Amino acid sequence: MTTTSADLFPPDRRTNPRWVARGIGLLVLWAVWTFAIAAVLLLTGTAGKPSDGVVAVVAMLTALAPTWLVVRAARRRWALLAGSAVVLLALGLALGTLGGPSLARMTSVGASLPVATGAQLMTTSSVENGLCMQECSRVVHLYAVPDPGAAQAEVGVGLVADGWRAENAGGFCRDGFGVAFVDGADSAVVDPPAAPTGLELLSVVITDCGHI
């Protein structure tokens, strides 16, 4: 008896071109939906809020509705739906960490930070990077201070008193925002002014908590 490919792959189990087309269409839908959610988070200025992860996950899981319409006729529809839910959940979690706090919110936070005794504000600079991958947006307050070490310690005490959490890297975190100190002028400051006689420059950097 000779076994043919038709015996190994009965007609009802062969790959159906319509299923391939549906699968490709579903992946395209997921991609478009993912980019749409990322754009909303980044362009509305809400990026970096603690609720971002929840919003992104819920938004991505809504894509399960059209997914069910595609897989409901499949024999392993529940396994396919469960796998889709895992993928969409992972995408939502990734989107929730994509954006950092908006530049406007960083500016507002920076204006409320404690200032060291005798510090003179020389200039304020900012760099916007909404994607927050290797580097996030940041706002820099450049001060002239009598003693940078003493100024950092004084501001650090004030931050902790205001509810900021001290980090091992020497920075401080609260509500997704990070504060760090740089001796001298930070790279975000273009053409930094010279410090007055007897004073030294100290940069106070406000950015995303994960990038201090």
task = Answer with yes or no whether Met106 is closer than 30 Å to Ala151 by Cα and at pLDDT below 90.
result = yes
key: Verdict on Ala150 being hydrophobic (A, V, I, L, M, F, W, C), in contact (Cβ under 8 Å) with a residue 24 or more places away in the chain and surrounded by fewer than 18 Cβ atoms within 10 Å (Cβ to Cβ)   = yes
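Rundown of residues vs (1) among the hydroxyl-bearing types (Ser, Thr, Tyr); (2) under 23 Å from Phe177 (Cα atoms); (3) surrounded by 18 or more Cβ atoms within 10 Å (Cβ to Cβ), yes/no style:
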| position | (1), (2), (3) |
| --- | --- |
| Thr62 | yes, no, no |
| Val70 | no, no, yes |
| Ala74 | no, no, no |
| Trp78 | no, no, no |
| Ala85 | no, no, no |
| Ala90 | no, no, no |
| Met106 | no, yes, yes |
| Val115 | no, yes, no |
| Gly118 | no, no, no |
task = Could you tell me whether any residue of region 184-195 is assigned to a strand (DSSP E or B) and touching a residue at least 40 places away in the same chain (Cβ under 8 Å)?
result = no
inquiry  = It is to be established whether one or more residues within region 129-145 are within 30 Å of Ile37 (Cα to Cα), outside any helix (DSSP H, G or I) and among the small types (Gly, Ala, Ser).
reply    = yes
ask   = at pLDDT below 95, over 24 Å from Ala56 (Cα atoms), hydrophobic (A, V, I, L, M, F, W, C) and surrounded by fewer than 20 Cβ atoms within 10 Å (Cβ to Cβ) - does that describe any residue in region 183-192?
value = yes
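The values are calculated or read from the model by the stated rules, or taken from the named source; none is laboratory data. Just so it is clear, the model here is predicted, and its values are computed rather than measured. Virtual Cβ from ideal backbone geometry, glycine too; neighbours counted across all protein chains shown.
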